[in-house]
Amino acid sequence: MQPLRRDTSRHDHRAELFELIRTRSFGRGKIMLASGRESDFYFDLRPTTIHPAGATCVGELICDTLEGMAVDYVGGLEMGAVPIATAVVIASHRRGGNLQAFFVRKKPKEHGARKLVEGLAKGETLAGRNVVVVEDTTTTGGSSMQAVRALREEGANIVMVLTIVDRLEGAKENFEAEKLEFRALFTADEFLKA
(Lines give C-alpha, C1' and ligand atoms only; values in the text may rest on other atoms or scores of the structure.)
Protein backbone atom coordinates (compact mmCIF):
# COMPACT_ATOMS: atom_id res chain seq x y z
CA MET A 1 0.00 0.00 0.00
CA GLN A 2 1.45 3.35 -1.05
CA PRO A 3 0.54 6.53 0.82
CA LEU A 4 -1.50 9.03 -1.12
CA ARG A 5 0.19 12.22 -2.25
CA ARG A 6 -1.50 15.59 -2.09
CA ASP A 7 -2.47 17.24 -5.35
CA THR A 8 -0.13 20.22 -5.45
CA SER A 9 -2.14 22.23 -7.96
CA ARG A 10 -3.60 25.47 -6.69
CA HIS A 11 -7.13 24.67 -7.85
CA ASP A 12 -9.75 25.16 -5.10
CA HIS A 13 -11.65 21.88 -5.41
CA ARG A 14 -13.67 22.61 -2.28
CA ALA A 15 -15.02 25.92 -3.57
CA GLU A 16 -15.80 24.40 -6.95
CA LEU A 17 -17.57 21.40 -5.41
CA PHE A 18 -19.56 23.66 -3.08
CA GLU A 19 -20.82 25.67 -6.05
CA LEU A 20 -21.67 22.53 -8.04
CA ILE A 21 -23.64 21.10 -5.11
CA ARG A 22 -25.38 24.43 -4.51
CA THR A 23 -26.49 24.76 -8.14
CA ARG A 24 -26.96 21.12 -9.19
CA SER A 25 -27.85 19.17 -6.04
CA PHE A 26 -29.37 21.38 -3.32
CA GLY A 27 -33.00 22.39 -3.21
CA ARG A 28 -35.84 23.60 -1.03
CA GLY A 29 -39.23 21.95 -0.73
CA LYS A 30 -40.87 19.16 1.23
CA ILE A 31 -39.24 15.80 0.75
CA MET A 32 -39.23 12.42 2.50
CA LEU A 33 -35.70 11.32 3.38
CA ALA A 34 -34.34 7.75 3.32
CA SER A 35 -34.37 7.89 7.14
CA GLY A 36 -38.17 8.33 7.03
CA ARG A 37 -37.94 11.93 8.22
CA GLU A 38 -39.57 14.80 6.36
CA SER A 39 -37.52 17.86 5.48
CA ASP A 40 -37.95 21.23 3.78
CA PHE A 41 -34.59 20.99 2.00
CA TYR A 42 -32.81 18.23 0.17
CA PHE A 43 -29.57 17.14 -1.44
CA ASP A 44 -29.61 14.97 -4.55
CA LEU A 45 -25.88 14.52 -5.03
CA ARG A 46 -25.93 12.30 -8.10
CA PRO A 47 -26.13 15.23 -10.56
CA THR A 48 -22.89 16.42 -8.95
CA THR A 49 -21.04 13.13 -8.36
CA ILE A 50 -21.51 12.01 -11.98
CA HIS A 51 -20.65 15.44 -13.40
CA PRO A 52 -17.05 15.60 -14.76
CA ALA A 53 -15.98 18.52 -12.55
CA GLY A 54 -17.98 17.22 -9.59
CA ALA A 55 -16.43 13.75 -9.78
CA THR A 56 -12.97 15.29 -10.10
CA CYS A 57 -13.49 17.49 -7.05
CA VAL A 58 -14.97 14.65 -4.98
CA GLY A 59 -12.05 12.37 -5.82
CA GLU A 60 -9.44 15.00 -5.03
CA LEU A 61 -11.04 16.15 -1.76
CA ILE A 62 -11.51 12.63 -0.45
CA CYS A 63 -7.95 11.71 -1.38
CA ASP A 64 -6.82 14.85 0.50
CA THR A 65 -8.83 13.68 3.52
CA LEU A 66 -7.29 10.19 3.37
CA GLU A 67 -3.74 11.48 2.91
CA GLY A 68 -1.32 9.65 5.20
CA MET A 69 -3.91 7.09 6.32
CA ALA A 70 -3.51 3.36 5.79
CA VAL A 71 -6.51 2.66 3.54
CA ASP A 72 -6.86 -0.21 1.07
CA TYR A 73 -10.44 0.16 -0.21
CA VAL A 74 -13.19 2.75 -0.50
CA GLY A 75 -16.84 2.07 -1.17
CA GLY A 76 -20.29 1.95 0.30
CA LEU A 77 -23.92 1.20 -0.30
CA GLU A 78 -25.23 1.18 -3.87
CA MET A 79 -26.02 3.50 -5.74
CA GLY A 80 -24.74 6.69 -4.12
CA ALA A 81 -21.31 5.32 -3.23
CA VAL A 82 -20.52 3.94 -6.69
CA PRO A 83 -19.58 7.21 -8.46
CA ILE A 84 -17.84 8.46 -5.30
CA ALA A 85 -15.64 5.39 -4.92
CA THR A 86 -14.86 5.46 -8.64
CA ALA A 87 -13.81 9.13 -8.47
CA VAL A 88 -11.61 8.43 -5.43
CA VAL A 89 -9.73 5.51 -6.98
CA ILE A 90 -9.12 7.50 -10.17
CA ALA A 91 -7.74 10.41 -8.14
CA SER A 92 -5.64 7.98 -6.10
CA HIS A 93 -4.21 6.45 -9.28
CA ARG A 94 -3.32 9.89 -10.65
CA ARG A 95 -1.40 10.52 -7.42
CA GLY A 96 0.48 7.23 -7.68
CA GLY A 97 -1.70 5.46 -5.11
CA ASN A 98 -3.40 2.12 -5.37
CA LEU A 99 -6.74 2.45 -3.61
CA GLN A 100 -9.31 -0.10 -4.72
CA ALA A 101 -13.10 0.29 -4.85
CA PHE A 102 -16.12 -1.86 -4.03
CA PHE A 103 -19.82 -1.39 -3.46
CA VAL A 104 -22.33 -3.08 -1.18
CA ARG A 105 -25.64 -4.20 -2.60
CA LYS A 106 -28.79 -3.43 -0.64
CA LYS A 107 -29.65 -7.10 -1.01
CA PRO A 108 -27.72 -9.98 -2.60
CA LYS A 109 -28.25 -10.72 -6.28
CA GLU A 110 -30.74 -13.50 -6.84
CA HIS A 111 -28.49 -15.19 -9.40
CA GLY A 112 -24.80 -15.87 -9.97
CA ALA A 113 -22.57 -15.77 -6.91
CA ARG A 114 -25.25 -13.92 -4.89
CA LYS A 115 -22.66 -11.58 -3.42
CA LEU A 116 -23.47 -8.63 -1.21
CA VAL A 117 -20.08 -6.94 -1.72
CA GLU A 118 -19.18 -6.34 -5.38
CA GLY A 119 -16.09 -5.13 -7.22
CA LEU A 120 -13.49 -7.51 -5.85
CA ALA A 121 -11.50 -9.61 -8.30
CA LYS A 122 -11.54 -13.39 -8.07
CA GLY A 123 -9.68 -14.45 -4.93
CA GLU A 124 -9.72 -10.94 -3.34
CA THR A 125 -11.26 -10.42 0.06
CA LEU A 126 -11.84 -7.51 2.40
CA ALA A 127 -10.84 -9.62 5.41
CA GLY A 128 -8.24 -7.69 7.40
CA ARG A 129 -8.28 -4.80 4.90
CA ASN A 130 -8.61 -1.13 5.91
CA VAL A 131 -11.81 0.25 4.42
CA VAL A 132 -13.39 3.71 4.23
CA VAL A 133 -17.14 3.77 3.73
CA VAL A 134 -18.25 6.68 1.53
CA GLU A 135 -21.69 8.19 1.12
CA ASP A 136 -23.12 11.17 -0.72
CA THR A 137 -25.53 12.56 1.89
CA THR A 138 -25.85 11.44 5.49
CA THR A 139 -28.84 12.04 7.76
CA THR A 140 -28.84 9.47 10.58
CA GLY A 141 -26.19 7.20 9.06
CA GLY A 142 -28.54 4.26 8.48
CA SER A 143 -27.44 3.61 4.89
CA SER A 144 -23.77 3.67 5.80
CA MET A 145 -24.42 1.39 8.77
CA GLN A 146 -26.04 -1.12 6.41
CA ALA A 147 -22.77 -1.13 4.45
CA VAL A 148 -20.69 -1.26 7.66
CA ARG A 149 -22.55 -4.35 8.88
CA ALA A 150 -21.98 -6.17 5.57
CA LEU A 151 -18.31 -5.18 5.55
CA ARG A 152 -17.76 -6.29 9.13
CA GLU A 153 -19.23 -9.67 8.18
CA GLU A 154 -16.57 -9.80 5.44
CA GLY A 155 -13.88 -9.15 8.07
CA ALA A 156 -13.05 -5.60 6.95
CA ASN A 157 -11.53 -3.06 9.33
CA ILE A 158 -13.67 0.09 9.00
CA VAL A 159 -11.28 3.04 9.26
CA MET A 160 -13.97 5.71 8.93
CA VAL A 161 -17.23 6.73 7.33
CA LEU A 162 -16.84 9.75 5.05
CA THR A 163 -19.73 11.66 3.52
CA ILE A 164 -19.89 14.54 1.08
CA VAL A 165 -22.71 16.32 2.98
CA ASP A 166 -23.76 15.71 6.58
CA ARG A 167 -27.31 16.93 7.19
CA LEU A 168 -26.43 17.23 10.93
CA GLU A 169 -29.36 15.08 12.02
CA GLY A 170 -27.71 12.47 14.24
CA ALA A 171 -25.24 10.58 12.05
CA LYS A 172 -22.17 11.70 14.00
CA GLU A 173 -23.65 10.54 17.30
CA ASN A 174 -24.83 7.24 15.80
CA PHE A 175 -21.38 6.52 14.38
CA GLU A 176 -19.72 7.46 17.68
CA ALA A 177 -21.98 4.92 19.42
CA GLU A 178 -20.57 2.32 17.00
CA LYS A 179 -17.00 3.55 17.65
CA LEU A 180 -16.67 4.71 14.05
CA GLU A 181 -14.83 7.84 13.00
CA PHE A 182 -17.02 10.09 10.88
CA ARG A 183 -16.04 12.99 8.63
CA ALA A 184 -17.91 15.20 6.19
CA LEU A 185 -16.62 17.38 3.38
CA PHE A 186 -19.55 19.77 3.98
CA THR A 187 -22.42 20.23 6.40
CA ALA A 188 -26.00 21.15 5.48
CA ASP A 189 -25.79 24.47 7.32
CA GLU A 190 -23.13 25.67 4.88
CA PHE A 191 -25.72 25.45 2.09
CA LEU A 192 -28.64 26.70 4.18
CA LYS A 193 -26.66 29.87 5.00
CA ALA A 194 -25.40 30.45 1.44
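The values are calculated or read from the model by the stated rules, or taken from the named source; none is laboratory data. Bear in mind the structure is a predicted one, so any value in this text is a computation, not a measurement. Note that we place each Cβ from the backbone using ideal geometry, even for glycine, and neighbour counts take in every protein chain shown. When the accessible area is computed, the model is the full protein with side chains, heavy atoms only, and any ligands, DNA or RNA have been set aside. Shrake-Rupley method; radii C 1.70, N 1.55, O 1.52, S 1.80 Å.
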Using only the heavy atoms of the protein chains and a 1.4 Å probe, how would 90, 50, 21 rank by accessible area, largest first? 50, 90, 21
Given contacts defined as C-alpha pairs under 8 Å and at least six residues apart, what's the relative contact order of the range 98-163, whole-number percent? 34
First check a/c for the range 148-194, with a ≥ b ≥ c the square roots of the eigenvalues of its C-alpha gyration tensor; if it is under 1.5, answer rounded, and if not, answer prolate when a/b is larger than b/c or oblate otherwise. prolate
Mean separation of Cα contacts under 8 Å, 6 or more apart, over the residue count of the range 64-123: relative contact order %: 29
If you build the convex hull over the alpha carbons only and average its shadow over all orientations, what do you get for the range 16-70? Give it in nm² to one decimal. 4.9
Bridge orientation stat for the range 36-194 from DSSP, antiparallel percent rounded to 5, came to 10
Pairwise FRET efficiency - residue 37 versus residue 130, Cβ, R0 = 25 Å, nearest 0.05: 0.20
With a ≥ b ≥ c from the Cα gyration tensor eigenvalues, square-rooted, and the rule rounded for a/c under 1.5, otherwise prolate when a/b > b/c and oblate otherwise, the chain is oblate
Where does the charge balance sit around residue 53 when Lys and Arg score +1, Asp and Glu -1, over other residues with C-beta under 11 Å from its C-beta? -2
Carbon and sulfur atoms: what percent of the 1.4 Å accessible area of the chain do they account for? 49
What ranking, highest mean first, results for peptides 181-188, 22-29 when packing means the other Cβ atoms within 10 Å averaged over each residue? 181-188, 22-29
Lysines within cross-link reach of residue 193: Cα-Cα under 19 Å, excluding same-chain residues under 8 positions apart? 30
Mean shadow area of the range 16-123 over all directions, Cα convex hull, nm²: 8.7
Can you return the lysines within cross-link range of residue 107? Criterion is Cα-Cα under 18 Å, with same-chain partners fewer than 8 residues away left out. 115
Need one word for the range 91-194: rounded, prolate or oblate. Basis is the Cα gyration tensor (sqrt eigenvalues a ≥ b ≥ c); a/c below 1.5 gives rounded, then a/b vs b/c decides. prolate
Could you pull the accessible area for residue 160 with a 1.4 Å probe, rounded to 10 Å²? 0
Taking a label point 7 Å from the Cα of residue 168 along Cα-to-Cβ, the residues of the range 176-194 whose backbone nitrogen sits under 13 Å from it are 186-194
Compute the relative contact order of the chain as a whole-number percentage, counting only Cα pairs closer than 8 Å that sit 6 or more residues apart in sequence. 18
So what is the calculated 222 nm ellipticity per residue for the chain, using -39500 (n - 2.57) for each DSSP H run with n of 4 or more, over all residues, to the nearest 500 deg cm²/dmol? -10500 deg cm²/dmol
